[in-house]
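The values are calculated or read from the model by the stated rules, or taken from the named source; none is laboratory data. Keep in mind that what you see is a predicted model, and the values were worked out from it rather than measured. Please note: Cβ atoms are built from the backbone with ideal geometry, for glycine as well, and neighbour counts cover all protein chains shown. Surface accessibility is based on the protein's heavy atoms, side chains included, excluding ligands, DNA and RNA. Shrake-Rupley method; radii C 1.70, N 1.55, O 1.52, S 1.80 Å.
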Amino acid sequence: MSPPCVHALRSVPTGRLLYTEDALPAVRLVTFAAPRAEIVIATENESWFARFDRTFVAFEAGHVESGTRDGWSVVVLGHARTATGSEYLSGFDHTGPSPWMIQPSDCYLVLDIEYVTGRRLTLPRLAGDHR
């Protein structure tokens, strides 16, 4: 596992769960934490997430600074499982950004980090572009 990639993941509160829906690629914005060698997604007890129990999925998170246009992107691949228990709540108590609503009774989708890759990037700025 790449420590710089995991460190970057821990600096943002949201990412994207990537999966297939009717054989087509699909993406869902989620709130997450990366406390250990896993991604813990807060499901807010939505039964929709149960479909991913014991499946192979992808996860992506990233950030780009608007002033400098410097940023990063991390992609994680691994098997997911549903879980409950307050031990997963501890992943959301770090000093970085925290998710919107997490309760001790919530269910979680836990993605084992089996493969991780990341990259730093600088978005080009065309002449006259002041964004």
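Can you find even one residue in the range 102-125 that is open to solvent by 100 Å² or more (accessible area, probe 1.4 Å), modelled with pLDDT under 80 and under 17 Å from residue 14 (Cα atoms)?
Scanning the range 102-125, I find no residue that is open to solvent by 100 Å² or more (accessible area, probe 1.4 Å), modelled with pLDDT under 80 and under 17 Å from residue 14 (Cα atoms), so the answer is no.
Can you pull out the residues in the range 61-100 that are within 21 Å of residue 51 (Cβ to Cβ), out of contact with any Gly (no Cβ under 9 Å at 6 or more places or on another chain) and at pLDDT 80 or above?
Those that are within 21 Å of residue 51 (Cβ to Cβ), out of contact with any Gly (no Cβ under 9 Å at 6 or more places or on another chain) and at pLDDT 80 or above: 77, 78, 79, 80, 81, 82, 83, 84.
Considering only residues of the range 40-76 that are assigned to a strand (DSSP E or B) and of a type outside the set (A, V, I, L, M, F, W, C), which is nearest to residue 124 (Cα to Cα)?
Here the answer is 70.
Take the residues in the range 4-22 that are β-branched (Val, Ile, Thr) and in a strand (DSSP E or B); name whichever of them is surrounded by the most Cβ atoms within 10 Å (Cβ to Cβ).
So in the range 4-22, the residues β-branched (Val, Ile, Thr) come out as 6, 12, 14, 20.
Keeping just the survivors that are in a strand (DSSP E or B) gives 14, 20.
Details: 14: 13, 20: 10.
My answer is 14.
Please give the number of the condition residue 45 fails out of (1) under 20 Å from residue 114 (Cβ atoms); (2) open to solvent by 60 Å² or more (accessible area, probe 1.4 Å); (3) of a type outside the set (Asp, Glu).
(1)
Go through the range 51-83 and report how many residues are touching an Asp or Glu at 6+ places or on another chain (Cβ under 8 Å) and open to solvent by 20 Å² or more (accessible area, probe 1.4 Å).
7
Can you work out which of the residues in the range 13-45 that are without any contact (Cβ under 8 Å) to a residue 12 or more places away in the chain and charged (D, E, K, R) is nearest to residue 108 (Cα to Cα)?
My answer is 21.
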